[in-house]
Structures are given as structure tokens and as C-alpha cells.
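Below: one structure, written as C-alpha cells.
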Amino acid sequence: MTAVRLWWSLARHTHRESRVPTVLAVTAFAVTTWAVLTVAGGVRAFQARAQLPGADPTYPFLSWVAVALLVVPTATLGAAAARLTIARRDERLAKLRLAGATSAQTTLVALLDAGAQALAGALAGVVLDLLALPAVALLRFQGRSFDIAELRLGVAPVLATVGAVLAVALLSCAVSLRRVAISPLGVAQRLPQKGLSWVRVLPVLLLGGGFVAAFNAGSVLFGFGAAVGVLVLVGLLAGTFAVFNLVGPLFVSLLGRVLAARARSVETLLAARRMGEDPKSVWRSVGGVSLVTFVAGCLSVAPGLTSGQDGADRLGADIGTGAAVTLVISAVLAAVSTGVTQASRVLDSRARYRGLHLAGTDLDVLHAARARETWIPLVVTMGGAAALSLLVVSPVLGLLRAAPVGVLWFVGCAVGGAVLVLLAARASRPLVTACASR
């Protein structure tokens, strides 16, 4: 009970500035829950329609392809919400440990804090899903729109989704607490974190071999049934997405080291040092849009899948609609992830900004360094995402000639995503000024 009273006291006496991370975390959890419930409702609706006499069995498979493309951005946003302002939380808990609080008390305070944010966000996401159902039901597939009853999930799936969001938040919080429990003084002194391992590259090699084997043995896979073949290909697609998200921070770290060695200005040096010291944070600020670029590249061939095929006009239109919906959900996830991460990075780095400013660094230099810290990895990672997506769809790349509109989708999403990241970075400039001046 002592830990509960301590948590409640801290929550009630939190300064207004410190409430910003809480609002950001709740927002991120809400959007994550909404995305999961919306996608799950769509899959349920297509599976129910597939049970009707004469129904096309293609639609449930296509819905699972959309799930494969959305699972990583959704999980990324959920994990980002769970990790939000870890530096602020770790610093506060380390001070509690140094003031005499036990490890069990600080652990319970942190878990209560993370759990309350996740629960509030998940419940808000459930409400958001209910409010958005009428709009989602207007989408037309198979020649008709949805009934709200088709898209509405039961109590059990909703509770399972809320429980999963809560579990992710608590697990991520528990993992981050290991540093505080082991060395509170080290956390308070802001000792450097452990670097990234090259082990992250191994899944790339394994997945590459899996793709080669799958495409060479495509007839064998589908010989076991269409469901088996589609399941394997969807799994490989989701795996590619996950691997790109895993290797992204390593690319950012290497890029930071190269830039630091060749920097010719203070702004570039500061940006490069930040990229090398905390590549995971930098990747989270641009990774959402890079993942959307990957989704857009994979879906660029969708309009050409049924182009020119007799009797497939409806299927082709539905594939285009499904691809557009997938891109919209991905863009929403990326927008929230980008805005939340950019703001949280500033709040977590306020001691660094204040120290540099007190040492004589001009605010314009800090803003310029942060801008380069954003757009340089953004360009590199988006280029990598585009190349990887084209590699994934390379066996059917000729479909782009049949329906060049897919190229416009791809370019539009890439440009829009880049603008989104830069606007988010620009919008958080006042936070940098406030943190550096206090």
C-alpha cells in the first residue's frame, strides 16, 4: 500500500510539463487499440462473407495480407507508447531509490504508472473504434457496403485487445526497470547505454533464404492447398517488415558514425553524435514513415494484379480499395508515431539541450542539429524501405506497366511521409526552446 500511495501522490502532484508525456502515451495507446480493432473487424467481416454460398474465397486471404502489412506498424506504435519517456521515468525512479525506496516499491510505482496510461489509452481506443464504425461500414467490397454488425467485434476480442495492450505496456516497463534496479546511481548520472549488436543482421540472411526458397517452391507450397501457400507468403511478408524494423537502428548507428568522422560543422557533428549514441530513438522518429514507404512499395503492384483480366473488374476495384485503406491506416499510425516520438525525444533530451545551451550553444544551432538529425536518417531509411519493397515485389514488378497508378501511390506516400516527419520535427521546436532555456 505504501507504493500505491506513493504513486498516487506523484500522479496528483505532477507538473504540467510532465503531463505532456502522459497525454502522448495515452494518445498512442488509443490509436494502437483502434487500429487493432478496426483491422480485426475487417478480417472478421470478410471471413463471415466467405461462408456464404458462392462467395469468393480470395477476400479472406487478401485481408490477411493487409494484416501482415499493418501488424508491424501497429506493434511499433504500441511499443513506442510503452517506451515513451523512459529516460524521465528512469531518472525519477532512480531518485526514489537513492532516497531510500526499495526495489519492489519503485517497480510497483512504475508498473502502476505504465498500466494506468495503457488502460486509459486502450479504453479510449475502444470508444474511438465504436465511433468510427459507421464510417468504416461505408466502404464497398464485393459490390456492397458493410453492415455495422459485420464489423463489430464481440466482448471477448475487445477484452483480449485491451489486455494485450496492457501486457505490452507492463512488459516494456518491466524490461526498462532492470537498469534502475541494478544501478540507480548510474541511471541518475545518465551513463551511456549498451550499443547495438551485429546479431540483428542474421534475420536478414535467414529471411532472404526463405524468400528464395518460397518463390522457387511456390508450386509445391500451393500444392498443399491455397491456404498453406498464402500463409507462408504472408508470413514472409510480415517477417520482412519486422526485420526491416529490427535492422533500422543499426543502419542509423552506422550512419551516425560515418557522419561524425566526416562532419565539417557543429550542427552535423551534434546530429551525428546523437544518431550514434541513441540510434533506437532516432529510428523511432523516422521508422514509422519508412515502414509506410515499405507498405506503399508492396501495394504499388495492387492495381495491376487484375488489370486486363476478364470478369475481374470487381476484384480489381476491391483490391485497389483495400490497398488504399491499408495505406490510410498505415499513414495514421505513422503520423501518431512520428508526432509522439519527436515530442518525447525532446522531453527526454531536455538535460542535454539545457547543458549545451548553458555551455554557449546558440538555439539556432540546436534547431539546425535536430533538423539534420531528422532528415538525414529519414532520407537514408526511406531509400532502404523503397529498395526493400521493390525487392519483395520484384517477381511481379511488370504489373506496374499495366497499372502505372501504383507508382503514383508509392511516390505520393513517400513524399507525404517525408513532409509529415519534417512538420512533426518543426512543430516540436518550441519544446526544444523551452527545455534549453530552463
At 0.36 nm per residue, minus the direct Cα-Cα distance, what do SER394 and ALA427 gain on full extension? Give it in nm, one decimal, please.
8.1 nm
Rounded to the nearest 0.05, what FRET efficiency is calculated for ALA359 and ALA164 with R0 set to 35 Å and r the Cβ-Cβ distance?
0.20
In nm, to one decimal, how far is the modelled label at ALA156 from the one at ASP56, with both set 7 Å along Cα→Cβ?
3.1 nm
What distance in nm separates the two pseudo spin-label positions at GLU277 and ALA132, each 7 Å out from Cα along the beta-carbon direction?
3.7 nm
For the range 104-180, how big is Rg over Rh, using alpha carbon atoms and the Kirkwood form of Rh?
1.20
Ranked from fewest to most other Cβ atoms within 10 Å of their own Cβ, MET382, MET275 fall in the order MET382, MET275
Please sort 58-69, 280-291, 329-340 by packing, taking for each peptide the average over its residues of neighbouring beta carbons within 10 angstrom, highest first.
280-291, 329-340, 58-69
Förster radius 22 Å - calculated FRET efficiency between ALA174 and LEU246 (Cβ-Cβ, nearest 0.05)
0.60
Estimated inter-spin distance, THR102 and GLN47, nm [label 7 Å along Cα→Cβ]
4.5 nm
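FYI, it's all coordinate maths here, none of it is from the lab. Note that this is a predicted model, so its numbers are computed, not measured. Neighbour counts run over all protein chains shown; Cβ positions are idealised from the backbone, glycine included.
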